[in-house]
Every structure is written in structure tokens, then in C-alpha cells.
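One structure is given below, encoded as C-alpha cells.
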Amino acid sequence: MNRQTTKLALLLIVAAFGSHPAVAQTYQPSDSNLKARQWFQDAKFGMFIHWGVYSVPGRGEWVMENEKIPITEYEKFAPQFNPTQFSAADIVSLAKAAGMKYITITSKHHDGFAMFATRQNKWNIVDATPYGKDPLKQLAEECRKQGIKLFFYHSQLDWHNPDYFPLGRTGHSAGRPEGGDFNRYLEFMNAQLAELLANYGDVAGIWFDGMWDKPEADWQLQRTYSLIHKLQPAALIGSNHHHAPFDGEDFQMFEKDLPGSNTAGFNQTSISQLPLETCETVNGAWGYNKNDKNFKSVTDLIHYLVRAAGANANFLLNIGPMPSGKVQPEFVERLGAMGQWMQKNGDTIYGTRGGPITPRSWGVSTQKGGDIFLHVLDWKDEYLALPDLPGITGAHLFGSNTALELKTLAGGLLLRLPPASRDPIDTIVVLERAK
Ligand code: JFZ
């Protein structure tokens, strides 16, 4: 190639992939990774845990940034963080009872505080707190015992490390001297990730967050992603960057929105072919917020789970444990009620994919094998008109033999839902197909 064709080739590459750092399409997922993606899509429901030293003030995980607390002051929370009531067995049992199949816990949030025994600095729960133990180790062992998979959330944004420089949108009140070395920061981050992937058994995946703080920086994503895939080929990588997935990622996530909706304002990206996940809070907070009493109802939370499944996505529901390590009763109650609902109705959620009727305001459809499940969440009339679905021969209520009237019209179906057939949370209808 002469100089000009080389230049042209480069231009074409930039045009095809955009100017974003993670461009070349080179990643080939391993067989174990592809299998893990299937497992993930079948699992449907997971527990998100935001827990760190920020639980001590109890004003959410952004307290350092929101209240402009400098590092020297923020570090004083660590000696007060002594979660002696933390029980990995209780938390994993809570997830299981809720019908959740995996847990995604913060290994490090934006405040840079590691919730595990890292050797990369002393800003971690083992070295900086009176607790002195590694909760992620306990959780990893308990998850293995109870058959729950474990993901680690990891913040690429860091308000504490002096090498996180130049600063992005946030972290300007931390009081760090200017002039840190971002390459050294990325090496620190990769070293922490290597610890997480080496010392905690099988890790189901890494849930990245924080790239949005410096979208123009060279994050050297391919180096980080290939490190993870090399250490644990089955581990699934996802990132909360709110772009279409980059090369090397294994699932796509939507924060506080169902795939396809954008109520939060930052979910404008298209839906990829990768497994999908959406996350939400029980009240308004990720990390423990003692003043937030705005709890969603059990019905709302079940509706979110069902609507996620209908949108072909998993639901990752968050809890933020208290500084004691305990989970507040409002969360425990709601998770328990969701678990009871899943015990009865989980067959129409687990192992399903989004159904042939795309999400509607009245509800969604899911499908598994030859079965189609309608989830009627919000419909007051006696008749519900459905689009034409080839091969449907009848309908009955899920979990009973109660047949429902289903008329075939020109261009659609008409389903009759007499008041007595309605369920206040979710009227689940099985559409029968000639087999
Ligand atoms: C991020 C975190 O900042 C937050 O603390 C929590 O961990 C959540 C799950 O993820 O929240 C975000 C991330 C990106 C945007 C907004 C909130 N964004 O791009 O607007």
C-alpha cells in the first residue's frame, strides 16, 4: 500500500466504526462464553448490590461528589464502617427466595473504595476499616454453595486515585494534586480486576460503569477486556456507557429503562443482538439512603420484571445494604413477595425470550419452546384485540384449565377476559398452538 491508500484505509475504518477508542471488530467469544450468555438470558432475574463506605453517612453512593467532600474528610468514614452484621448466607438466601439467579455487587464504586482484599492500595475494606474482612470472599463462597452466580460491578471512574487524571465531568472537589498519570491508573484498575478474576473462583461477569465521566479518554478497553476474557473466558462483560456495545462486550445494559424506552434520558442507543439487562432501584437510591422512603410497590416491581422479560431482557433489582451489613426490612419484604409470585409464575419468565407480540401498553408476551405467554398487566375492558398470530388455536389461563374465548377475526385475534379471570397483578394467558 502506498501512503495514500493507507490513509484511505484508515479513513474507512474510522468511518465504519466511529472515532471511539474501541473499534476493531476482532473479539471471538469462546464456547464457554456463548454458553454463559444463554444461561444469562434464561436466568432473567438478578440482585444488584450497591454497598461501600458511603453507606455510613447513608445519603447514597454519590455523597462524596454531591456534597463536595474532599478525600481527607471522606476517608474518615472508613474507621466507622464495621458491618459486623453482614451475613453472606442471609443475602444469598434473600436473593434465592426472591427467585433471583445471580448477584452483581460493587467491588469498587466511584469513590474508589474497594470492597475486597486488594493489594493495589490501602483504600479497601480489609485495610481501612475495623471490620478487616473481605465480604466479596464470603459472598463468593456462599454463592457457590447456594448455586447463585456472582458478577462484579467495577467503576472505571475513580474519585480517590491520584492517577485518575486529567479529570472528567466529576471528582473536582476531591482535592487531588493535578498531574496524575492515567496510564498508571489503568494499570492499577487492570491489576484490581486481575485480583477479582483470580481470587474469587468463577466470576460470572464484570459490570463496568463510569466511562461516561471521560468519554474522550483512551480507556484502552481492548487491553482490559482481553485481560478479563483471557483470565476467565466465560465471564460476561457489560458496560454502562450508554452507547451501542463495543467490541469485546458480551451483554448490553439499560439503566433505569426498559430496552427501547428512554424515560431516564440516557438510553438512546439501539438494541443490539447481545443479551440484554435493565437495572432499577427499590426506592430512588442505589447506595443506602436512610431518608429515601419512596419505595416502589410489589406490583410495580413485578411489572418491571415482567416487562423486562417481554422486552427480551433481564431485570437486575438493586438493594443497598446498611452500614451494619443488614438489608432494610422494606427491601426484604418486597423481595420476598416477588419470590412468592415467581414460585407460582416463574415458568412464564425463566428461560423465556421476548414473545411474538412486541411490548404494548397493556402488557407483554414471552415465549419458551412452543408456548406463548401473554402478560396482561394493565387492561380494564372485557375484550383485548391482538395482532394476527399464525397457528393459534385457543387460549387458557396459566396455571389452570380455565379456557378463554378467543375469536379469529380478519387481521387479528379477539381475546375475552371476563372480570373473574383477571389477576390484580398479572393475568397470564397461555396461547395454544397446534403441536
Ligand atoms: C451509574 C452510577 O453513577 C450510579 O451510582 C449507579 O452505580 C448506577 C447503576 O450507575 O449511574 C449513572 C451512569 C450514567 C449516567 C447516569 C447515571 N449517565 O450517563 O447519565
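The values are calculated or read from the model by the stated rules, or taken from the named source; none is laboratory data. This is a predicted model, so every value here is computed, not measured. Positions of Cβ are generated from backbone atoms using ideal geometry, with glycine treated the same way; all protein chains shown enter the neighbour counts. Only protein heavy atoms, including side chains, enter the accessible area calculation; ligands, DNA and RNA are left aside. Shrake-Rupley method; radii C 1.70, N 1.55, O 1.52, S 1.80 Å.
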Worksheet item: Going through the stretch 83-101 one residue at a time, which ones are more than 18 Å from G336 (Cβ to Cβ), in contact (Cβ under 8 Å) with a residue 60 or more places away in the chain and surrounded by 15 or more Cβ atoms within 10 Å (Cβ to Cβ)?
Response: P83, F86
Worksheet item: Is it true that Y74 is within 16 Å of the ligand (Cβ to nearest atom), over 24 Å from L335 (Cα atoms) and more than 25 Å from the chain's Cα centre (by Cα)?
Response: yes
Practice prompt. Only residues that are among the hydrophobic types (A, V, I, L, M, F, W, C), open to solvent by less than 10 Å² (accessible area, probe 1.4 Å) and more than 22 Å from the chain's Cα centre (by Cα): list them for the stretch 170-207, please.
Written response: A174, L186
Discussion item. For the condition closer than 30 Å to A36 by Cα and part of a loop (DSSP other than H, G, I, E, B), what is the one hit in L157, L150?
Written reply: L157
Discussion item. The conditions are (1) part of a loop (DSSP other than H, G, I, E, B); (2) of a type in the set (S, T, N, Q); (3) within 15 Å of the ligand (Cβ to nearest atom); (4) under 30 Å from G132 (Cα atoms), and N291 fails exactly one of them. Which is it?
Written reply: (3)
Discussion item. Can you pull out every residue in the stretch 41-88 that is of a type in the set (A, V, I, L, M, F, W, C) and farther than 18 Å from T104 by Cα?
Written reply: V56, W62, V63, M64, I69, I71, F77, A78, F81
Worksheet item: Mind checking whether some residue in the stretch 330-341 is free of Cβ contacts under 8 Å to residues at least 60 places away in the same chain, within 15 Å of H303 (Cα to Cα) and open to solvent by 60 Å² or more (accessible area, probe 1.4 Å)?
Response: yes
Fill in: Flag if R144 is charged (D, E, K, R), part of a loop (DSSP other than H, G, I, E, B) and either modelled with pLDDT of 95 or more or open to solvent by 50 Å² or more (accessible area, probe 1.4 Å) (or both)
no
Worksheet entry | Filtered residues of the stretch 27-51 (kept if open to solvent by less than 20 Å² (accessible area, probe 1.4 Å) and outside any helix (DSSP H, G or I)) | K44, F45, G46, M47, F48, I49, H50, W51
Worksheet item: Conditions: (1) open to solvent by less than 10 Å² (accessible area, probe 1.4 Å); (2) touching a residue at least 40 places away in the same chain (Cβ under 8 Å); (3) outside any strand (DSSP E or B). G351 meets all but one. Number of the miss?
Response: (1)
Worksheet item: Take the residues of the stretch 256-281 that are closer than 11 Å to L316 by Cα and at pLDDT 80 or above: which is nearest to the ligand (Cβ to nearest atom)?
Response: C279
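Okay, residues lined up against (1) of a type outside the set (G, A, S); (2) open to solvent by 10 Å² or more (accessible area, probe 1.4 Å); (3) more than 16 Å from the ligand (Cβ to nearest atom):
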| site | (1), (2), (3) |
| --- | --- |
| T104 | yes, no, no |
| K137 | yes, yes, yes |
| S155 | no, no, no |
| W159 | yes, no, no |
Worksheet item: For residues in the stretch 233-255 being in a strand (DSSP E or B) and within 14 Å of the ligand (Cβ to nearest atom), which is surrounded by the fewest Cβ atoms within 10 Å (Cβ to Cβ)?
Response: E255
Response to the item:
Of the residues in the stretch 303-320 that are part of a strand (DSSP E or B) and not small (G, A, S), the one that is surrounded by the fewest Cβ atoms within 10 Å (Cβ to Cβ) is N318
Practice prompt. Test E67 against the stated conditions and say whether it is within 15 Å of the ligand (Cβ to nearest atom), open to solvent by 30 Å² or more (accessible area, probe 1.4 Å) and charged (D, E, K, R).
Written response: yes
Response to the item:
Output for Cβ contacts, cut-off 7 Å, separation at least six or different chains, first residue closer than 16 Å to H154 by Cα in the stretch 229-240, second within 16 Å of the ligand (Cβ to nearest atom) and β-branched (V, I, T), reads A235/I206; I237/I206
Item to complete: Identify all residues within the stretch 161-182 that are within 16 Å of the ligand (Cβ to nearest atom) and of a type in the set (F, W, Y); write none if there are none.
Response: Y164
Response to the item:
The residue from E73, E65, E61 that alone is over 20 Å from G132 (Cα atoms), part of a loop (DSSP other than H, G, I, E, B) and among the acidic types (D, E) is E61
